[in-house]
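J.: After the C-alpha cells below, expect a handful of questions from me.
The values are calculated or read from the model by the stated rules, or taken from the named source; none is laboratory data. Note that the coordinates shown come from a computational prediction; the quantities given were computed from them, not determined experimentally. Quick reminder, even Gly has a Cβ in these numbers, built from the backbone with ideal geometry, and neighbours come from all protein chains shown. Just the protein is used for accessible areas: all its heavy atoms, side chains included, with ligands, DNA and RNA removed. Shrake-Rupley method; radii C 1.70, N 1.55, O 1.52, S 1.80 Å.
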Amino acid sequence: MKATGAATATPAVGIGANDASAEKRSIAGVIDEMTLEQKVGQMTQVAIDDLGAGFCPGTAFNDHDDVETVGELFTELNVGSILSGGSTGPTFDGTEFVTGLNRLQEHALENTDPAVPFVWGCDALHGNTLLDGCTSFPQRLNMGATRDVELVETAATHTGNEIAAMGGHWIFGPTVDVLRDMRWGRYFEGHSEDPMLVGELGKARARGFQRTGRVAATVKHFAGYGTPNTGRDRTPVRTSMRDLRTRQLPAYERALEQAKTVMVNSGAVNGKPAHASRWLLTQVLRERYEFDGVVLTDWDDFERMLTNHQYLPDTEEGWRLAVKQGLEAGIDMHMCGGETPPTDFIETTVDLVESGELPEDRIDESVRRILELKRDLGLFDQPYAPEDEIDDLVGGARDVSEQLAKESLVLLENENAVLPLEGTENVLLTGPGIEAGTRNRFLMQHGGWTLGWQGIENGDLTEDGPRPRQTTIAGALSDRLGDQFMHVPTEFEAAPFTSINENFDNGFFDVTDEQKAAIVDAAHTADAVVIVLGEGPHNEGFGDRDKMRFPEAQRKLVELIDEETDDDVSLVGVVLAGSPRGTEETFDRLDAVLFAGQPGSDTGIAVVDTLFGDYNPSGRLPFTWEANVGHVPLFYDDYPPRQSVDAEEAMVQYEFGHGLSYTDWEYSELSVSHDSVCDPATSPTVTARVTVENTGELAGEHVIDVHNTEFYGSVLQPVRRLMGFERVELRPGETTTVEIELDLSTLEVVPGDVPGNRAKVVEAGEYELSVGDETTMLTIENAASVTDSEPMPGRYDIDNDGTEDFEDAMELYRRIKQRGGAGK
Ligand code: BGC
C-alpha cells in the first residue's frame, strides 16, 4: 500500500463540513446539526477484522449485507468507530497501517457532513502485538508478579506511542478483572487476585497508554468479569454484594482515575446481565464514581443477552429489548462484532427513539461523550497521524521488555540450591515451547493477543511470518553453552478453537518413541536437564480448562527423565503457562521449578540469565496456586476458613506472594509512621518502615509486601490483605530501610448483616501489620470511610424506578409510618 500523503495535507477538517475546528463550534452545536441516524451512527463501532486488502475505502466489506465497501461504513452509516479485534488488523506492516488509516479517515471526512473523524480501536494488551517484529511484553499475569508499577507503566507508554504512531486511537485495556479461578481461559490477562495490586497496575497502564495524548485507554470488563462461576468464560460472576463492593469494584475504581473509556462485562452480576444493569453502569459508574467517559459494550454483547444469557427471547422483540435496556442502563457505544450487523443496532435504536420508547436526550448524552473523546484525542484539529513515526518504534523498548520479563519469573522450588547453574555443566533442554525453528512451538512464550486472537491465529504460521521480535530458551541456551548444549524438542501443536470442547491442555503435546530414546541418551551425559512444561497459547472461552496437572505427555516426560538420571543430575522445570499449571505429582520429581508464565519477546534471555544467576529471581506469585484443580477457587484474601481448617496445607501448593531468591533476605524493625489513626477518612495512608538485609551471597532485587494479617471486626475479615509493596535492590551484606505507603482503603469492609448494603468503613480496632515474620500494630481509633461514605447505591430506590429521589423518600416515610415506626 502506498502512502496517501494525507499526513502532509491540511489537517483542518474539524467538526462540520470541512470548515471549522472544534474550538469554533461547540459539541452541542454539532449534535444539534446531526440527524438522529447520524447520532446513532456515532454510537456504533464496527469490527473490520476480515479486511484482506488493507484499509482502502473501496475494499469490499462482506461481513454484513449493510454496505458494499469499508468506505461506506462512514458515508452510508456514519459509524463513529471501527475496531480490529483479536490483535490482528488488515496488515502486519506499521507503515501500511498508518497510511491506510489516514486514507480511510480522509475518505470519511471528505464525504460526510458534519465531518466527524472516526476512532479506531484494538487490543494492544501486552505491547503493540499487531505488527510483524513487535515487542511482545510479558503478559498481564507476569506483570502482576513483578509488582513493578513504574516499569509496567513505561511499557504501557511505549505501547500507547506505538498505537498512536500506527494511526490508532483506542486501546481496549487495561484489563482489571480480579482473578480467582485458574480454569478461566482469560486468567493470563488479569494481573492478580489482589484488588489493590490489579487496580494500581491498571491505573499505571492506563496512564501509560494515554501519555501520548492521542490514545484512549479502556477499563474492562466492568465489573466482576474475572470471577466467572464454574470458571467458564462469560458465565455469571461468582460474588456477593459485600465481595463485589470491597474486593472487586475497588480495582476498577482505581484504574478509572486515569482511563477515558470503559468496556462492560459480558457476564451477569447477581443474576443481571452487566450490559442491562443500570445499577452498575449508571448508579455506580456514573453517579458514584462520577465517570463521564465513553462506555462501550463488549463484542456483540446486546446479542449475547439473547444467545448466551437467555435473558431475553431470541426474537426480533428480544433484540429490541436488549438494545433498549442496554442504552437505558447507560451504554454509549455498541461494538458490532461478527454477529451484529451495524444496521440492526442503528435501525433499532432510531426506531426506539422515534416511537417514543427512548428519549432522544439519552442518545445526545452518549454522542456528546463520544465527540468529547474525539476532541480530547485531538482528532478535530489533527485527524491524521504522522506517517514517519512507526518504523522507529516497532520492536523497540527492548530493555524495558527484558527487565520486565526477568522481574516476572517466579522461582517456586530450588532444592539443595541446584540453581543457579554454574555454566560448566552439560545441559539437556527438552520439552515443548522452546524454539523458533518449528512451526508453532515458540507460541507458548507469548500467549493470546499476539499477532492474533488466540496467540497467532490458529497456530497456522507461514514460513516468513509474521513473528514477534523474540529470543527463545533454546536459542539463548545454545548461545551460552555452545558444545555443552544438547537439545531434544518434543511435539507440540497449538490448539486454539478446539480446546473448549476437546483439549483442556490448551495444546496437543506428545513425545515420540524416537524423541524418548534421544532424551534418554542425552540425559545420560547431562549434568542438568531443563524441561519446559506448560500450556499452549489460548484466549477467552477457547482457553477454559478443567485441569491443573500438566498434560499427560509432559508428566510422563518428567517421570522418564527422573527415572533415567542419577540423583546428582539437576532436574529443572521451566513452566510456560498463563495460569498456575502443574501439581506436586510433577514438581516432586524436579529439583527446581521456575514459573515463567508468558514472558513474551525476551523469554530466552530472561530465563537463561536466571538459570545461570546473572539475574537473581525476584518475582512473587500474584495468585494462590491450589494443590489441585478440585480446590479451585481458593484466593488469599478470602474469609476464613478458606476451606476446612485441617486440610488447608494440602489445599494450597504455593501461597500468594510466594517466590524464592538465590540469596537470603531478612527483615527487622518494622514500624509504622503513626501507631494510631484517629480518622482514616482524613488520614487515608500511613507509612510502614522496615529494614531489609541481603544476608546471602548474591546481589538481588526483592519485593517487600506489607499485609494486614489479623483484625477482629463486626464481620469476617480476609485472612490477609495486601496494603502496600516496594521493590529494592541490594548487594550481599547490604542493608536498607524502606518506607512503604500503606493504603488504608484496603482495610475497608461493609459492616452490617447479610445484605451488605451499608457504607464501607475501616472499622475501629487493632490491626496487625506484617512483613514476613515481623509484625507491628496499627490502631484505628474511629471507624470511617476512605473511598465512599455512602451506603450501597440504589439502596433507597424504594419505588424501583432506577433513581433515588424525593418520591423514594416519601414512599419510605409512608411505609415506615404504616408499620407504626415514624415518630417513635
Ligand atoms: C473481548 C474484549 C476485546 C474485544 C475486541 C472481546 O471478545 O472480550 O476483551 O476487547 O473482543 O477484540
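J.: How much length would be gained if the chain were fully extended between residue 818 and residue 60, taking 0.36 nm per residue of separation minus their Cα-Cα distance, in nm to one decimal?
T.: 266.2 nm
J.: Please give the FRET efficiency for residue 691 paired with residue 643, using the beta carbon to beta carbon distance and R0 = 30 Å, rounded to the nearest 0.05. Please report the intermediate quantities before stating the final value.
T.: Numbers: r = 36 Å, r/R0 = 1.18.
Once rounded, the FRET efficiency stands at 0.25.
J.: Where the centre of each part is set by its Cα atoms, how far does segment 437-493 sit from segment 559-595, in angstrom?
T.: Rounded to whole Å, the Cα centres lie 21 Å apart.
J.: Next question, about the same structure. Between segment 176-202 and segment 105-164, what is the C-alpha centre distance in whole Å?
T.: Spelled out, the Cα-based centre of one part sits 20 Å from the other.
J.: Something else about it: Calculate, for residue 392 and residue 809, the FRET efficiency according to 1/(1 + (r/R0)^6) with r their C-beta to C-beta distance and R0 51 Å; round to the nearest 0.05.
T.: The calculated FRET efficiency here is 0.25.
J.: Would you work out the relative contact order for the chain, in percent, from Cα pairs under 8 angstrom that are 6 or more residues apart?
T.: With pairs under 8 Å counted, the relative contact order is 12 percent.
J.: Using 7 Å Cα-to-Cβ label points, what is the residue 362/residue 614 separation (nm, one decimal)?
T.: Spacing of the two 7 Å Cα→Cβ label points: 6.0 nm.
J.: Okay, moving on. Just to be sure I understand the model, the point goes 7 Å from the Cα along the line to the Cβ. What's the resulting residue 416 to residue 110 distance in nm?
T.: The modelled label-to-label distance comes out at 7.4 nm.
J.: Okay, moving on. Could you list which residues have their amide H under 5 Å from that of residue 112, counting only those 5 or more apart in sequence or on another chain, with H placed in the peptide plane?
T.: Long-range HN contacts for residue 112: none found.
J.: A further question follows. Suppose all protein chains stay in the model; what accessible area per residue would a 1.4 Å probe give for segment 398-619, in Å²? Please report the intermediate quantities before stating the final value.
T.: Details: 7380 Å² over 222 residues.
Averaged over the residues of segment 398-619, the accessible area is 33 Å².
J.: Oh, and also: How big is the antiparallel share of DSSP beta bridges in the chain, given as a percent to the nearest 5?
T.: Counting DSSP beta bridges with both partners in the chain, the antiparallel share is about 50 percent.
J.: For residue 376 and residue 799, calculate 0.36 nm times their separation in residues minus their Cα-Cα distance, and state this gained length in nm to one decimal.
T.: Taking residue 376 through residue 799 to full extension adds about 148.4 nm, to one decimal.
J.: Give me, ordered by chain and number, the residues 5 or more places off residue 224 or on other chains with an amide H under 5 Å from its own placed amide H.
T.: 178
J.: Determine the gain in length on full extension of the stretch residue 501-residue 524; use 0.36 nm per residue of separation and subtract their C-alpha separation, reporting nm with one decimal.
T.: 4.3 nm
J.: Mind listing the long-range amide H neighbours of residue 127? Cut-off is under 5 Å, sequence gap 5 or more, other chains count too, H placed in the peptide plane at 1.01 Å from N.
T.: 137
J.: Additional query: Quick check: convex hull over the Cα atoms of the chain, volume per residue in Å³, rounded to an integer?
T.: 169
J.: In whole percent, and with a 1.4 Å probe on the protein chains, what portion of the accessible area of the chain is carbon and sulfur?
T.: Roughly 44 percent, rounded to a whole number.
J.: Right, next: For segment 3-393, compute the orientation-averaged projected area of the C-alpha convex hull (one quarter of its surface), in nm².
T.: 17.2
J.: Say a paramagnetic label sat at a point 7 Å from the Cα of residue 766, along Cα to Cβ; which residues of segment 668-684 have their backbone N under 15 Å from it?
T.: Taking a point 7 Å out along Cα→Cβ of residue 766, the residues of segment 668-684 whose backbone N falls under 15 Å are 675-677.
J.: Show me, for segment 774-780, the HN-Hα J-couplings you get by feeding each phi into the Karplus relation (A = 6.51, B = -1.76, C = 1.60, θ = phi - 60°), rounded to Hz, glycine and proline as x.
T.: 6, 9, 8, 10, 10, 9, 9
J.: State the Cα centre-to-centre distance between segment 611-628 and segment 368-385 in whole Å.
T.: Using only Cα atoms, the two centres lie 43 Å from each other.
J.: Counting only heavy atoms of protein chains, what accessible area per residue, in Å², does segment 3-393 have with a probe of 1.4 Å? Numbers along the way, then the final one.
T.: Numbers: 11320 Å² over 391 residues.
In whole numbers, segment 3-393 has 29 Å² accessible per residue.
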